[in-house]
Amino acid sequence: MDIKKLILNDIHISLGAKMVPFAGYNMPVRYSSDIVEHMAVRNEVGVFDVSHMGEFFLKGENVLELIQKVTSNDASVLSNGQAQYSCLPNDHGGIVDDLIVYKFSDEEYMLVVNASNIEKDWNWISGHNVLGVMMENESDNYCLFAVQGPKATGVLQKLTDTDLSEIKFYHFTIGNFAGHKGVILSNTGYTGSGGFEIYVKNEIARDVWNKIFKAGEDANIRPVGLGARDTLRLEKGYCLYGNDIDDETSPLEAGLGWITKFTKTFVNAENLLRQKEAGVSKKLIGFKMEEKGIPRHGYELMNENEELIGNVTSGTISPILKKGIGLGYVKKEYTAPGSEIWVAIRKKVLKAKVVKLPFV
């Protein structure tokens with residue numbers, strides 16, 4: 001498969017980024033160190049170029065009906081300028097993808113999907129579009145910058161007349177930004193440190209990026225790569241598609257019951273409702289290492305008798321807690337916070353404790 005380059009590929013290389021293939025794109029994994037970049041987002045402000053993400057625009061009088069059919073959350077509650085975290089259930093109880101639904105108006109929405117699933121998601125939604133909804137895949141025409149951290153709003157405010165403090169969490173507006181019209185300013189992000197995600201057309205991306213960094217000089221603004229993006233989302237217990245959720249994990253097993261609304265009909269709702277009523281046999285949990293060790297994706301999770309009870313789906317050293325943390329699926333009897341479990345790390349079996357999410 002050909003690896004795509006980000007529009008700002010040359011800027012990332014000039015900033016010293018280590019580039020790696022990820023989700024079909026050449027992506028910056030780090031510019032300096034994961035810990036420095038992680039702490040910049042927790043304490044100040046960092047910028048991620050996440051232009052690999054997919055953007056689908058759906059339009060027409062039946063658009064809500066299609067979205068209600070293919071997503072698990074209830075999009076009918078959205079007001080104009082509001083966003084919603086959701087997922088696309090598949091036919092056999094798993095998840096096609098997780099996504100964010102943006103409502104522009106009663107007849108226009110934007111769906112933001114994971115880069116690795118753009119084609120899969122497009123085909124899945126298209127396959128259910130029997131209502132004549134107009135669909136446009138604009139993924140190759142947009143860049144997306146996630147400007148995250150406690151100082152992010154202050155930095156961005158210098159570049160717009162829109163009062164960003166009035167845009168609530170999971171709300172957005174379309175306004176003038178950095179001298180350009182029609183920029184989507186969204187109070188969203190996957191770091192848990194506040195900030196905005198800025199959607200811009202490719203032709204203005206370079207100018208917008210440069211102006212963001214100019215505006216953030218006083219705030220010690222930094223570019224941030226995929227390495228810190230992963231540790232930031234993991235400290236908050238956010239799922240990563242392909243690790244913690246996939247085609248074989250149900251939203252109920254993944255702790256995503258809160259985005260699975262049985263007040264409406266959607267793909268595979270009947271089977272998921274039966275699963276909810278019967279109770280799941282395994283569940284995604286967060287755990288903290290009690291002994292020194294770093295849990296990694298795929299490591300085995302065991303009980304006190306060293307019997308297999310599950311597997312790690314994501315793991316790292318938390319830069320804030322300075323100890324190993326992880327997510328993983330375990331049998332339901334080991335899911336209560338405080339439960340002791342063991343992680344098989346290389347040739348050792350090390351103790352960990354189930355904790356309530358988020359970690360930080």
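Where a number appears in this text, it was derived from the coordinates with a stated rule and is not lab data. Because the structure is predicted, anything quoted here is derived from the model rather than measured. Here Cβ is always computed from backbone atoms with ideal geometry, including for glycine, and neighbour counts include all displayed protein chains.
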With label points built 7 Å along Cα→Cβ from the Cα atoms of residue 43 and residue 300, find their separation and express it in nm. 4.1
For residue 90, distant residues with modelled amide H under 5 Å away: 95, 96
Would you mind computing, in nm to one decimal, how far apart the modelled labels at residue 203 and residue 15 are, each placed 7 Å from Cα along Cα→Cβ? 2.4
Quick one: grab the alpha carbon gyration tensor of the chain, order the square roots of its eigenvalues as a ≥ b ≥ c, and give me rounded if a/c is under 1.5, else prolate or oblate depending on whether a/b is larger than b/c. oblate
Taking 134, 302 and counting other C-beta atoms within 10 Å, the order from fewest to most: 134, 302
Do the sum for the chain: with -39,500 (n - 2.57) for every DSSP H run of n ≥ 4, divided by all residues, what is the mean residue ellipticity at 222 nm, to the nearest 500 deg cm²/dmol? -6000 deg cm²/dmol
Chymotrypsin sites (Phe, Trp or Tyr not before Pro) within the range 130-179, DSSP loop, no more than 14 other Cβ atoms inside 10 Å: 169
Only sites in a loop by DSSP and with at most 16 other Cβ atoms within 10 Å count here; which chymotrypsin sites (Phe, Trp or Tyr not before Pro) in the range 226-282 make the cut? 262
Residue 308 to residue 217: extension gain in nm, 0.36 nm per residue of separation minus the Cα-Cα distance? 27.7 nm
Once you have the Cα-Cα distance between residue 271 and residue 136, take 0.36 nm times their residue separation minus that, and quote the gain in nm to one decimal. 45.5 nm
Under the Karplus curve 6.51 cos²θ - 1.76 cosθ + 1.60, θ = phi - 60°, whole-Hz ³J(HN,Hα) for the range 311-325, x wherever Gly or Pro sits: 9, 6, 9, 9, x, 6, 8, 6, x, 7, 7, 6, 8, x, 10
Need one number: nm distance between label points at residue 322 and residue 288, each 7 Å from Cα along Cα→Cβ, rounded to one decimal. 1.4
